[in-house]
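Accompanying notes for the structure given below.
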Amino acid sequence: LPLRPSDIFVCSYPKSGTTWTQHIVLTLLLADRKYKIAASTPCDSDAGNTGDDLAYNHVSDYAPFFEIDAHWQSSPSNDGTKVLADSVRENHDRLGRRVFNTHLRWDMLPKQREAS
């Protein structure tokens, strides 16, 4: 997976408060997105877009485990890189950035940046 400058990885040891940390990170990101929407919408507008489209049942809807196969498509792209599952990609697109959760060691994480 080529990395983007805006990618966020919540990295931790198992059973050390990972889900709690994911909730904190996601809450900050959602608040930032709602603030940007509110700031760009005129006060007299009936747009009504407050970022409520980002509701989720579980924090992994937006910050899935990087190392879990279910979050990836079964076949890689033409150039051999792994491709995120459609549901994960759609949630990341709605959020405006990619967020992952992992228990992998630093040397096991992707290092290659996405081509500009």
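What residue, among those in the stretch 50-98 that are among the β-branched types (Val, Ile, Thr) and touching a residue at least 12 places away in the same chain (Cβ under 8 Å), is nearest to Ile37 (Cα to Cα)? This residue is Thr50. In this structure, Glu90 does not qualify as loosely packed, with under 15 Cβ neighbours inside 10 Å and touching a Lys or Arg at 6+ places or on another chain (Cβ under 8 Å).
Among residues of the stretch 35-83 being touching a Leu at 6+ places or on another chain (Cβ under 8 Å) and assigned to a helix (DSSP H, G or I), the one that is modelled with the highest pLDDT is Val59.
Here Arg98, Arg94, Arg113 are screened, and the one residue that is charged (D, E, K, R) and modelled with pLDDT of 90 or more is Arg98.
The single condition among (1) of a type outside the set (Val, Ile, Thr); (2) under 19 Å from Thr21 (Cα atoms); (3) part of a helix (DSSP H, G or I) that Glu90 does not meet is (2).
The values are calculated or read from the model by the stated rules, or taken from the named source; none is laboratory data. For clarity, every value in this text was computed on a predicted model and none was experimentally measured. A quick note on method: Cβ atoms are made from the backbone with ideal geometry, for glycine too, and the neighbour counts reach across all protein chains shown.
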